[in-house]
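Every read-out reported here was derived from the displayed coordinates using simple, explicitly stated rules and does not represent laboratory data. Just so it is clear, the model here is predicted, and its values are computed rather than measured. Heads up, the Cβs are rebuilt from the backbone with ideal geometry, glycines too, and the neighbour counts pull from every protein chain shown.
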Amino acid sequence: MKQVPEEYYQIMEQLQAMDFVLVELTLYLDTHPDDLEAINQFNHYVKERKHIKKMFESQFGPLQQFGNSYSGYPWNWKDAPWPWQV
Amino acid sequence: MNTHFKTYHPYASPFDPCTPILEKTYSTPPHLYMGFQPPNLPQFTPLEALRAGTLWKDFYDPWYNSLEKAKGGLPT
């Protein structure tokens, strides 16, 4: 079975970094609802994350299911590699 | 470097089977000294934050055991 290209890991790491920042900012904003600076940063990273997700999925297929990701043809969300196999 | 190390001195009995450890150090997390988090603290870049485990530099709290410290374990 062919290996995933090196780029897979780079984009995935970017995605994980974006997710982590979003988690941190969400928790921060829960206790600081009127911090405009953080809200702008949060929205910036939401946009950034959408872009990275689109880039990843265009190359390596859907990340999530039930409408969270577009599907390729044929129906390919079940194809390897799965997250624990990567 | 994290300066929130504190020490305590366990009791050493004359009948201890092994040589007693006279001083033990432990690390206290930085958020104890901060209270309510002020806005606009300096931040890591996303990739650094992923490694460091926190987005804000002030909350970065690495723990290095004595072996790692001997090898010069510096925070990334």
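For this structure, a couple of remarks:
- A:GLN64 exposed (fewer than 14 other Cβ atoms within 10 Å of the Cβ), farther than 25 Å from B:PHE44 by Cβ and under 12 Å from the mean Cα position of the chain (by Cα): yes
- Qualifying residue in region A:60-76 (condition: at negative phi, part of a helix (DSSP H, G or I) and not aliphatic (A, V, I, L, M)): yes
- Filtered residues of region B:15-45 (kept if surrounded by 13 or more Cβ atoms within 10 Å (Cβ to Cβ) and within 13 Å of chain A (Cβ to nearest Cβ)): B:HIS31, B:MET34, B:GLN37, B:LEU41, B:GLN43, B:PHE44
- So A:GLN41, is it under 23 Å from B:ALA52 (Cα atoms) and facing chain B (nearest Cβ under 10 Å): yes
- Within region A:1-30, the set of residues being outside any helix (DSSP H, G or I) and free of Cβ contacts under 8 Å to residues at least 24 places away in the same chain comprises A:LYS2, A:GLN3, A:PRO5.
- Meets criteria (within 14 Å of chain B (Cβ to nearest Cβ) and outside any helix (DSSP H, G or I)) for A:PRO33: yes
- Condition met for A:LYS53 (more than 10 Å from chain B (Cβ to nearest Cβ), assigned to a helix (DSSP H, G or I), surrounded by 18 or more Cβ atoms within 10 Å (Cβ to Cβ) and of a type in the set (D, E, K, R)): yes
- Top-ranked residue of region A:3-30 - restricted to ones that are among the charged types (D, E, K, R) and within 11 Å of another protein chain (Cβ to nearest Cβ), ranked as farthest from A:PHE60 (Cα to Cα): A:GLU24
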